[in-house]
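The values are calculated or read from the model by the stated rules, or taken from the named source; none is laboratory data. The structure displayed is predicted, hence computed values, not measured ones. Every residue, glycine as well, gets a Cβ built from its backbone with ideal geometry; the counts of neighbours run over all protein chains shown. We work out accessible area using only protein heavy atoms, side chains counted, and drop any ligands, DNA or RNA first. Shrake-Rupley method; radii C 1.70, N 1.55, O 1.52, S 1.80 Å.
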Amino acid sequence: MERTNKENYYLDIAQTVLERATCLRRVYGAIIVKNDEIIATGYNGAPRGRKNCVDMGFCTREAMQVPRGERYELCRSVHAEANAIISASRRDMVGSTLYLVGKDARTGALLPDATSCSMCRRTVINAGISRVVIRRTATEYEVVNVQDWVDTDDLKLPERT
């Protein structure tokens, strides 16, 4: 028997976490790991006490025909990364790795283009997380150095000439 490498081991756990997600479009699971210990988990779902999209039977953004990647403020869910970060102390997250897995909620297929939205990227940066490992296929993944997200500020205004 071949032993699973650490990256895929933690991605498998994040993939199990996403089974609790409640989005009708895309489901995500995230775990934060430091020194080979899981310090927090998170999945996308409505804030505590509010109805989830799966319970209501519709997605507000879908009903409004909002394209993917736009108008996240209309989404009922707290994203998986944010939920994991909320559950941990910053002291424990500094220098940690966040593992992220996404699936299409309808088909169950892995999302080869999964990534953190700009709001979650800012949260990951402020949490002090060093790396984000994103599953691409059952065994392939991308490792993102969070400093790259800092250096390529997606909200930076063009310089004036």
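Numerical summary
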| read-out | value |
| --- | --- |
| Answer from Thr41, Thr4 - the residue that is out of contact with any strand residue (DSSP E or B) (no Cβ under 9 Å at 6 or more places or on another chain) and among the β-branched types (Val, Ile, Thr) | Thr4 |
| Out of Asn83, Asn52, sole residue that is free of Cβ contacts under 8 Å to residues at least 40 places away in the same chain, in contact with a Ser or Thr (Cβ under 9 Å, 6 or more places away or on another chain), closer than 22 Å to Gln15 by Cα and not small (Gly, Ala, Ser) | Asn52 |
| Subset tally (residues that are closer than 17 Å to Asp151 by Cβ and open to solvent by 50 Å² or more (accessible area, probe 1.4 Å)) for the stretch 119-129 | 4 |
| Flag if Val143 is touching a Lys or Arg at 6+ places or on another chain (Cβ under 7 Å) and open to solvent by 60 Å² or more (accessible area, probe 1.4 Å) | yes |
| Number of positions in the stretch 22-44 that are over 11 Å from the mean Cα position of the chain (by Cα) and of a type outside the set (D, E, K, R) | 8 |
| Of all residues making up the stretch 6-42, the number that are open to solvent by 70 Å² or more (accessible area, probe 1.4 Å) and part of a loop (DSSP other than H, G, I, E, B) | 2 |
| Scan of the stretch 50-71 for residues that are open to solvent by less than 90 Å² (accessible area, probe 1.4 Å) and either aliphatic (A, V, I, L, M) or on the phi > 0 side of the Ramachandran plot (or both), ordered by number | Val54, Met56, Gly57, Ala63, Val66, Gly69 |
| Check on Pro47, open to solvent by less than 50 Å² (accessible area, probe 1.4 Å), modelled with pLDDT under 95 and of a type outside the set (Asp, Glu) | yes |
| Residues within the stretch 110-137 that are farther than 13 Å from Ala80 by Cβ, hydrophobic (A, V, I, L, M, F, W, C) and at pLDDT below 95, tallied | 0 |
| Residue in the stretch 95-104 that is outside any helix (DSSP H, G or I), hydroxyl-bearing (Ser, Thr, Tyr) and surrounded by fewer than 16 Cβ atoms within 10 Å (Cβ to Cβ) present | no |
| Any chance Val66 is farther than 23 Å from Ile129 by Cα, in contact with a Leu (Cβ under 9 Å, 6 or more places away or on another chain), of a type in the set (A, V, I, L, M) and not in a helix (DSSP H, G or I) | yes |
| Breaking point among (1) closer than 26 Å to Gln147 by Cβ; (2) of a type in the set (D, E, K, R); (3) open to solvent by 10 Å² or more (accessible area, probe 1.4 Å), for Arg135 | (3) |
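Listed here are the residues, each with its yes/no results for (1) of a type outside the set (A, V, I, L, M); (2) under 15 Å from Tyr28 (Cβ atoms).
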residue: Tyr72; (1), (2): yes, yes
residue: Arg76; (1), (2): yes, yes
residue: Arg106; (1), (2): yes, yes
residue: Cys120; (1), (2): yes, yes
residue: Val124; (1), (2): no, yes
residue: Val133; (1), (2): no, yes
residue: Arg136; (1), (2): yes, yes
residue: Asp148; (1), (2): yes, no
